[in-house]
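Report on the structure given below.
The values are calculated or read from the model by the stated rules, or taken from the named source; none is laboratory data. Nothing here was measured: the structure is a model prediction, and the numbers come from that model. Note that each Cβ is placed from the backbone with ideal geometry, even for glycine, and that neighbours are counted across all protein chains shown.
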Amino acid sequence: MIARIKNKTGRLNLSYLIAIVSISLISSLYPQDLGNIKIGIVHSLLTKNLLYAEDQNFYPIQDWELFFLNRKISYEVFDDEGLDDYDFDEVDILILPSIEILS
């Protein structure tokens with residue numbers, strides 16, 4: 001790839017260098033505002049009780065919670081038993097980790 005972006009004198013073309021640097025820094029130049037996104041995580045007690053009753057360490061939302069807490073992103077945890085009555089217009093993203101039974 002470096003051979004393609006060199007000009008006739010063997011030096012890197014400045015426009016290619018600017019393009020590469022701009023692309024690599026685009027996420028820091030235009031950061032996303034995650035404060036306005038409403039995130040919900042479903043914790044399934046039905047899945048745990050029926051399929052993983054013997055596994056005391058079964059807590060599939062733990063990694064998601066750590067991810068959001070480390071980045072200071074707000075989220076809400078829902079029980080799968082209350083999903084029928086929940087209005088999903090209030091959530092932009094709904095995460096269903098390890099959900100195998102919903103009813």
inquiry  = Please go through (1) modelled with pLDDT under 70; (2) surrounded by 10 or more Cβ atoms within 10 Å (Cβ to Cβ); (3) of a type in the set (Ser, Thr, Tyr) for THR9 and return the number of the only condition it doesn't satisfy.
reply    = (2)
task = Filter segment 49-80 down to residues that are surrounded by fewer than 11 Cβ atoms within 10 Å (Cβ to Cβ), at negative phi and part of a loop (DSSP other than H, G, I, E, B) and give me whichever is nearest to the chain's Cα centre (by Cα).
result = ARG71
ask   = Which one of the conditions (1) surrounded by 17 or more Cβ atoms within 10 Å (Cβ to Cβ); (2) touching a His at 6+ places or on another chain (Cβ under 9 Å) does VAL42 fail to meet, given that it meets all the rest?
value = (2)
key: Selection from segment 42-78 of residues that are in contact with a Pro (Cβ under 7 Å, 6 or more places away or on another chain) and more than 10 Å from SER98 (Cβ to Cβ)   = TRP64
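Would you be able to tell me the number of residues in segment 81-103 that are assigned to a loop (DSSP other than H, G, I, E, B) and in contact with a strand residue (DSSP E or B) (Cβ under 9 Å, 6 or more places away or on another chain)?
Going residue by residue through segment 81-103, those that are assigned to a loop (DSSP other than H, G, I, E, B) are 86-87, 91-92, 96-103.
If we keep only those that are in contact with a strand residue (DSSP E or B) (Cβ under 9 Å, 6 or more places away or on another chain) too, we end up with 86, 91-92, 96-97, 99, 102.
Count: 7.
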